1. Could you tell me how many of the residues in segment 496-530 are assigned to a loop (DSSP other than H, G, I, E, B), of a type in the set (Gly, Ala, Ser) and within 24 Å of the chain's Cα centre (by Cα)?
2. Could you check, for segment 299-307, whether at least one of its residues is open to solvent by 70 Å² or more (accessible area, probe 1.4 Å) and on the phi < 0 side of the Ramachandran plot?
3. I want to confirm something. Restricting to segment 282-294 and keeping residues that are surrounded by 15 or more Cβ atoms within 10 Å (Cβ to Cβ) and over 31 Å from the mean Cα position of the chain (by Cα), which single residue is nearest to LYS363 (Cα to Cα)?
4. With more than 25 Å from ALA63 (Cα to Cα) and not in a helix (DSSP H, G or I) as the only criterion, which of SER451, SER420 stands out?
5. Output the number of residues of segment 514-540 satisfying the condition of being hydrophobic (A, V, I, L, M, F, W, C) and open to solvent by 30 Å² or more (accessible area, probe 1.4 Å).
6. Does at least one position in segment 333-355 carry a residue that is of a type in the set (D, E, K, R) and under 18 Å from the mean Cα position of the chain (by Cα)?
7. Any chance segment 76-83 includes a residue that's farther than 30 Å from ILE128 by Cβ, in contact with a Lys or Arg (Cβ under 8 Å, 6 or more places away or on another chain) and either modelled with pLDDT of 75 or more or not aromatic (Phe, Trp, Tyr) (or both)?
8. Is there a residue being open to solvent by 80 Å² or more (accessible area, probe 1.4 Å) and either touching a Gly at 6+ places or on another chain (Cβ under 9 Å) or not in a helix (DSSP H, G or I) (or both) anywhere in segment 427-444?
Amino acid sequence: MKAAAESDSTFARWAYAHYFQFDRDKDTNNLIVKCTLCVKPKDLSTSRNSTSNLTKHLARCHANIKLVTKKRKQTEDESGEKTAKQQKLTFSHSAMLEPREVRRLVPEYVVEDMLPLSTGESPSFRNIVSKIPVQASNDTGINKNKTNLKGPLKNSNTCPPPLIFGVQITEATSGKAAIACKQFRGRHTFDQIAAEIEEIFSEYGLTHDKVTACVTDNGTNFVKCFKEYQYGEAEGEVELTDLQSVLLTAEEEDAQAGLCVLPPHHRCAAHTLNLIVNNEVDKWLATNPVSRVVYRNATAKCSALWTKTSRSTVASDCLEEVGEKKLIVPTVTRWNKFYDAYARITEMPLTNINNLCTQFQIKCMNDREYQFLKEYCAIMKPFTVALDILQGEDTCFYGTLQPTIEVLMAKTLAMRNGLSPMTNGLPEVIVGAIKTRFAATIDSKAALLASVSLPKFKLRWVKEETKRDHITFLLTTECRSLPTEEPAALMPDAPQPAITSYLNSAPVMESLHQFPRIKRIALRYNAPTPSSAPVERLFSLGSLVLTPKRNRLGDGRFQRLLLLRYNSTLIVICNFEQCSYPHRT
């Protein structure tokens, strides 16, 4: 198994693969490996086509170790013989492919490698397949892909989690898939957004009983859109009944029947945390009399270093000689990049930083400014961990939000001791901002039930006994309200014994099969994702489809190509985001 895994994955060809030990195949797209540098090795998941998770692990847990790339010119196959690293093509296969197999493989090749549809018209490509019976390919695969998505959605009685503008949908049991990514013409007003969402829902048969929630960023147009057109109770809010609407006549009801009706709304947790750092934290640092000057001076000198090393090759070479690592240049879209950039500077001794500043003719950094950066990075470290968790995609359910927020607040408050006057008071500001911005989510019924119904959390994150009793009561009440098709002997009328057994069971997802009612609760409340980050990854894929050489793609063709590539391995969330691509004619 190890030889097979190493032969067909990016991990096998990675320069730092020798720091990890292959353990097993997780599924068709992911591997499980163990880090040999960790004292207590734990399972790490990595994609067959990407090693970004392992790179982040090395940067986060082993930043102080100087890593060495391992150049392997040869690999050893299963028989133990030495073979060249680069595999040679073989043309000795005698088996002939059937025409239908060729018609399937050719479109898959074009979609997977994101090639122009005109590839099929290329003379050189036609020469390759000239003697294989194959019909001209068209967009039938797109319509088939759309039908494959409509089927499980139409017949499903469970709730899919999130959606994109693009639109992406996720289902707790089936995975995720993109169902729309179109250009939004005109003004992005709340009523136009509501109409667009309603149209996409109708196209795929996503009725209100099948959608648990929609996850969007904190844009005012999205917030107002769901505030005006959302049915049922808003998260953490009390629903008020309009007496006039109760007394409407039948004709008036028919007149209002054409209004959009949207499912419950969740704000993106990752975007909310970014707003806390960019607004509350920056405002406190910029206005606090003790930290204001040192904060501005320290960040200005860091910006000067980033600018110099990113624009001058000579400066970049000097940096590599002095610090052995290149600086990270932050981007404005994600605060995590700013933290990584500050942390990389604090990893260097102050003497090395000032040597570089002298060579670059930049003002040197004093001890007070260097201490401020170190304290700032130490305080914000839990923030970066929480963001990485909440921006997950495959195993990050809505039940992850409440425990992550609770642990984030606890670890931030634990940093209060030993701080200098420059940052004293910053942990309290962060925790206060979290409580304010997540007021509708923290301790809400949906968040608590989602967390307790996830086996890896249950009640392990709750310290107060009264809160544990409250969550247990909520779970018991929810279980009693659900009908069950199980025989009475397997599922007694009083669910309390089953809940006790569940809380004492193994922290693995498979344990939910033993508790049908709790499993139904977990599927319902953990359908949404806590953030809309998966949607933004779809936008990144879109930039690979809309290349400069393909700038004449129409809206419809662009969407079909993007959805074909993204849904090449079929899966189905409802997350909404806005993104601007270059103008398409």
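1. 1
2. Going through segment 299-307, the residues open to solvent by 70 Å² or more (accessible area, probe 1.4 Å) turn out to be none.
Scanning segment 299-307 turns up no residue that is open to solvent by 70 Å² or more (accessible area, probe 1.4 Å) and on the phi < 0 side of the Ramachandran plot.
3. The qualifying residue nearest to LYS363 (Cα to Cα) is VAL294.
4. SER420 is the lone residue from the list that is more than 25 Å from ALA63 (Cα to Cα) and not in a helix (DSSP H, G or I).
5. Selection size over segment 514-540: 1.
6. Residues of segment 333-355 that are of a type in the set (D, E, K, R), as a first pass: 334, 337, 340, 344, 347.
Subsequent filtering for residues that are under 18 Å from the mean Cα position of the chain (by Cα) retains 334, 337.
Checked segment 333-355: at least one residue is of a type in the set (D, E, K, R) and under 18 Å from the mean Cα position of the chain (by Cα).
7. Yes: one or more hits.
8. Scanning segment 427-444, I find no residue that is open to solvent by 80 Å² or more (accessible area, probe 1.4 Å) and either touching a Gly at 6+ places or on another chain (Cβ under 9 Å) or not in a helix (DSSP H, G or I) (or both), so the answer is no.
The values are calculated or read from the model by the stated rules, or taken from the named source; none is laboratory data. Computed from a predicted model, the values in this text were never measured in an experiment. All Cβ positions, glycine included, derive from the backbone under ideal geometry; neighbour counts span all protein chains shown. SASA here: full protein model, heavy atoms, side chains in, ligands and nucleic acids out. Shrake-Rupley method; radii C 1.70, N 1.55, O 1.52, S 1.80 Å.
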